[in-house]
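The structure appears right after this line, and notes come after that.
Rule-based calculations on the coordinates, nothing more; no lab input. This structure is a prediction, so every number in the text was calculated from the model and none was measured.
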Amino acid sequence: GNKGATVVQVEQALRSISLITQVGSVLPPFKSATGLVFSAHLPEQEFKLLQKEAGLPKAEAMALDQLLAKIKSQGWHSIQGLLISGVDAISAPVFDARSQIIAVVTVVGSSSSTLQPTAESELVQRLLAATQAISRRMGAV
């Protein structure tokens, strides 16, 4: 995307939740679950360019590096109200046959919803199963 992950598809929930995420929206690389998961898996050179363009102070850049390492090892990430107050999100990566990140799938809900950001939660397990299945279809091992 243009300086961040670009939304390419939005599936509306059956229950009412009003989000103004539109196809074509560019999400910030370090202030959204989608952007953070994407950033965690970018090639080093691309990530460093994004980080340089963000102009983060050294302490913030070091904290970001630690967070992204955790995201990469965990395989998913959740945020609570980071991008939009009252909106939570859980994201997981999709890889291609070269093990390069090609997409991120994100589940979004209101802070009062049933999003449960723990590795054992059914939602996280289903999200990981879906992204792993898509990755396999894309040739990932």
- For region 54-61, just list the computed ³J(HN,Hα) in residue order, Karplus coefficients 6.51, -1.76 and 1.60, θ = phi - 60°, integers in Hz, with x standing in for Gly and Pro. 6, x, 6, x, 3, 5, 5, 5
- Around Val87, which amide H atoms from residues at least 5 apart in sequence, or from another chain, sit under 5 Å from its own amide H, with H modelled in the peptide plane? Gly81, Ser111
- Item | Scaled radius of gyration (Cα, divided by 2.2 N^0.38 Å) that region 58-109 gives | 1.30
- Query: Whole-Hz Karplus ³J(HN,Hα) for region 68-79, in order, using 6.51 cos²θ - 1.76 cosθ + 1.60 and θ = phi - 60°, x for Gly and Pro?
  - Reply: 5, 5, 5, 4, 4, 6, 6, x, 6, 8, 10, 10
